[in-house]
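Step one of this worksheet: look at the structure below.
Nothing in this text is a laboratory measurement; each read-out follows from the coordinates by a stated rule. Please read all numbers here as calculations on a predicted model, not as lab measurements. Here the Cβ is made from the backbone with ideal geometry for all residues, glycine too, and neighbour counts use every protein chain on show.
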């Protein structure tokens, strides 16, 4: 497996960032041209800013609709940067979050169905990963991990809603589910076992061609963004 795209998704506290960093490092140690890419939507940064300004979180700072719109745009730009870089540089990319995370966030946070439709219109530009690992963790374990790291928080209600949202996505049937309740070593071993079993294709998709084919989507992004804001 010399090129391609691997995405790790899951609720907050599932270990996405830990495992994505670790996987990229381990694949490089095996001699592969692998790189880690983070596709966050800015919630952590806006949460830090909000607390400095005396607000509870990003939703309190920007409003629920505003935070969802900012998150969708920032994640779109992050993924675009990663996909373009891969199109020119090649190699294997390990994605910490992907478009599916945005769809799940919209569902879990109670956005209207139209918001997800417009988000999908914008994100359809991007190729499907060769494999998407869903790090499945119980909300209580995720909550304990979030509390232990100490720089943010999530309610049990939201974590339950987020897990249900991921499981409800039409793409979920193609996810490779990893039990993420164990130790980092156990989760990493399960990911490597699945990669070996799947034999992810050595040749990645023609990303550059897909981006050119998605040109009309880019042209419509400004309109979709406005409609997304109205639909949230």
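Numbers at a glance
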read-out	value
Sorted by Cβ neighbour density within 10 Å, fewest at the top, the residues 166, 36	36, 166
Ordering of 129-139, 182-192 by packing [mean C-beta count within 10 Å, highest first]	129-139, 182-192
Extension gain, residue 168 back to residue 30 (0.36 nm per residue minus Cα-Cα distance, nm)	46.1 nm
Neighbour-count order for 177, 73, fewest beta carbons within 10 angstrom listed first	177, 73
Prolate/oblate/rounded call for segment 97-136, Cα gyration tensor, a/c under 1.5 rounded	oblate
Which of 67, 156 has the fewest Cβ neighbours within 10 Å, and the rest in rising order	156, 67
